[in-house]
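Below: one structure, written as structure tokens.
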Amino acid sequence: MNHLSSHNPLIVACQQRRVRLAQIIQAKSGSGVVILSTAEEKARNRDSDFPYRHDSDFFYLTGFDEPGTTLVMLIQKTGFESHLFCRPKDLEREIWDGYRLGPEAAPEILHLDAAYSNSDLGKKLPEFLANQAAIYVRLASNAQVDHQIRDWMSQVRQQARGGTNAPEVFHDIESLIHEMRLFKGPGEIETMRQAAAISAEAHIRAMRSCKPGKREYQLEAELLYEFRYRGAQSVAYNSIVAAGANACVLHHRAGSVELLDGDLCLIDAGCELNGYASDITRTFPINGRYSASQRALYDITLAAQEAAVAETRPGKTFIDPHHAAVRVLTQGLLDEKLIKLSDVGSLDNAIELGAYKRFYMHRTSHWLGMDVHDVGSYRESSINQQSDQEKPWRVLKKDMVLTIEPGLYIRPADDIPKVFWNIGIRIEDDAVVTDQGCELISRGVPVDPLEIEAIVRS
């Protein structure tokens, strides 16, 4: 963390987010205490941990990625304070595990009011909770945290005879932070644009290295090399490298399957850069030439994506791109007689009956941001409506970021022509909603089938 400075744009942005969160809470309940901890380290085996990854909500408000840390915000009607509990300086542990910022340096570097050793958390929290009206925490998400809060509340209640009151109301802090995270700032979008550019180069590298006889894991290695070589810290999710029939398995992990002449390879992979994800899928011919049946389904999928992109703009709802993609995919399936018109009667009936779901079983989009399936409600919040299913779909607005990823997956069956068996195709890009439409920030890797063939043959 010694790369941090008080002038770092990330730290400044985090301070501004805390101001916004305090204003939301002031408007909601007047005052309250926010308690938010980062992720814990997890042991992989006796002397090794899994690679550490901070909690996204915590990082969003602090820009701090050390484990063992808790943010506490004390919010009053007229202002607020930010307090951090972090690991103390320990020169011996730093020799083994690396630099620690420490509570002495944290306030200036992270723009905080105060910082303490994390060992003081149990002592200070009852003091902070005294005479506060509300607590903002993650509700029912961690048994250990629930136990801590019960203990702190018990200590405050024991002071009742002295005139001290304990908080009476608990609020879910996640719902507030996740609504904020749904809309990206300029710095966030620029980081995501850089992450998408790195991932696009990785996809191109994998395509260029592809040839019959290689293995799925070898293409995965090309992706990982490009991610790290270009500065990404990690994958945003486990890379999908699926050859042949494996492309019909939506979350197939790269294995030892051989890449065969005449088959397709589907790669769904993206890096994480400075805490933000990218998510790209391309499907390409292993020998550099789509067969007639592969090309037919590829063109249908690409046309479906284009229709979805056209519907990704302010004023449209989250589900509109999906409906547009489904209509194009279903018409294509009818044209190729994978859905028989005699069975469904019409395109509208086929959609109404869900006949396409045999070949396309997932949504066209999901939010993208600090997490690959990012936070934020997909439906509008609405008073007097009892369930999410009754709420209208979220209206798209500027600075939302989502994926657009239609696909077709044709498994062997008696009623399916063999030329289509085991063809799995998905095309996925990352879209930033703009004033008039959307910007596809992942098109550093092409989707045009002729361009893809040229890259593979190169």
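Screening Val395, Val372, Val432, Val419 for residues that are touching a residue at least 60 places away in the same chain (Cβ under 8 Å) and under 16 Å from Asp268 (Cβ atoms) leaves exactly one candidate, Val372. Within region 440-455, can you find the residues that are surrounded by fewer than 22 Cβ atoms within 10 Å (Cβ to Cβ) and either more than 18 Å from the chain's Cα centre (by Cα) or farther than 21 Å from Ala277 by Cα (or both)? Hits for region 440-455 are Arg443, Gly444, Pro446, Val447, Asp448, Pro449, Leu450, Glu451, Glu453, Ala454, Ile455. When residues in region 27-73 are screened for being under 21 Å from Gln148 (Cα atoms), without any contact (Cβ under 8 Å) to a residue 60 or more places away in the chain and not hydrophobic (A, V, I, L, M, F, W, C), 9 of them pass. Residues in region 210-225 that are touching a residue at least 60 places away in the same chain (Cβ under 8 Å) and touching a helix residue (DSSP H, G or I) at 6+ places or on another chain (Cβ under 8 Å): 1 in all.
Only one of the numbered conditions (1) among the small types (Gly, Ala, Ser); (2) surrounded by fewer than 19 Cβ atoms within 10 Å (Cβ to Cβ); (3) within 18 Å of His83 (Cβ to Cβ); (4) at pLDDT 95 or above is not met by Ser6, and that is (4).
Restricting attention to region 178-195, the residues that are charged (D, E, K, R), under 14 Å from Glu439 (Cα atoms) and either assigned to a helix (DSSP H, G or I) or modelled with pLDDT under 95 (or both) total 2.
Before we move on, is Val156 under 16 Å from Val34 (Cα atoms) and assigned by TED's automatic domain parsing to the domain that holds Cys86? Criteria not met by Val156. Of the residues making up region 330-374, those that are under 30 Å from Arg193 (Cα atoms) and not aliphatic (A, V, I, L, M) are Tyr360, His362, Arg363, Thr364, Ser365, His366, Trp367, Gly369, Asp371, His373, Asp374.
Considering region 230-254, and only residues there that are within 17 Å of Met207 (Cα to Cα) and free of Cβ contacts under 8 Å to residues at least 60 places away in the same chain, the residue that is surrounded by the fewest Cβ atoms within 10 Å (Cβ to Cβ) turns out to be Ile240. Among all positions in region 79-100, there is no residue which is modelled with pLDDT of 95 or more, crowded, with 21+ Cβ neighbours inside 10 Å, among the β-branched types (Val, Ile, Thr) and assigned by TED's automatic domain parsing to the domain that holds Gln148.
Conditions (1) in contact with a helix residue (DSSP H, G or I) (Cβ under 7 Å, 6 or more places away or on another chain); (2) under 23 Å from His178 (Cβ atoms), marked per residue:
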{"site": "Ser31", "(1), (2)": "no, yes"}
{"site": "Arg46", "(1), (2)": "no, no"}
{"site": "Lys77", "(1), (2)": "yes, no"}
{"site": "Asp97", "(1), (2)": "no, no"}
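For Ile300, the conditions (1) assigned to a strand (DSSP E or B); (2) within 23 Å of Val419 (Cβ to Cβ); (3) out of contact with any His (no Cβ under 8 Å at 6 or more places or on another chain) all hold with the exception of (1). Note on region 318-348: residues that are under 18 Å from Leu297 (Cβ atoms) and either outside the structural domain of Gly424 (by TED's automatic domain parsing) or outside any helix (DSSP H, G or I) (or both) amount to 5.
Checking Gln148, Gln158, Gln233 one by one, the residue that is more than 27 Å from Leu121 (Cβ to Cβ) and out of contact with any His (no Cβ under 8 Å at 6 or more places or on another chain) is Gln233 and no other. Being surrounded by fewer than 24 Cβ atoms within 10 Å (Cβ to Cβ) and polar (S, T, N, Q) is the filter here, so list the residues in region 260-280 that pass it. Within region 260-280, just Asn274 meets the criteria. Here the condition is being surrounded by 15 or more Cβ atoms within 10 Å (Cβ to Cβ) and under 21 Å from Leu297 (Cβ atoms); of Tyr378, Tyr360, it holds for Tyr360 alone.
Pairing each residue of region 164-188 that is hydroxyl-bearing (Ser, Thr, Tyr) with any residue that is assigned to a helix (DSSP H, G or I), provided the two are 6+ apart or on different chains, yields C-beta distances under 8 Å for Thr164/Val156.
The values are calculated or read from the model by the stated rules, or taken from the named source; none is laboratory data. In this text, all values refer to a predicted model and were calculated from it rather than measured experimentally. As a convention, Cβ positions derive from the backbone with ideal geometry for all residues, glycine included, and neighbour counts pool all protein chains shown.
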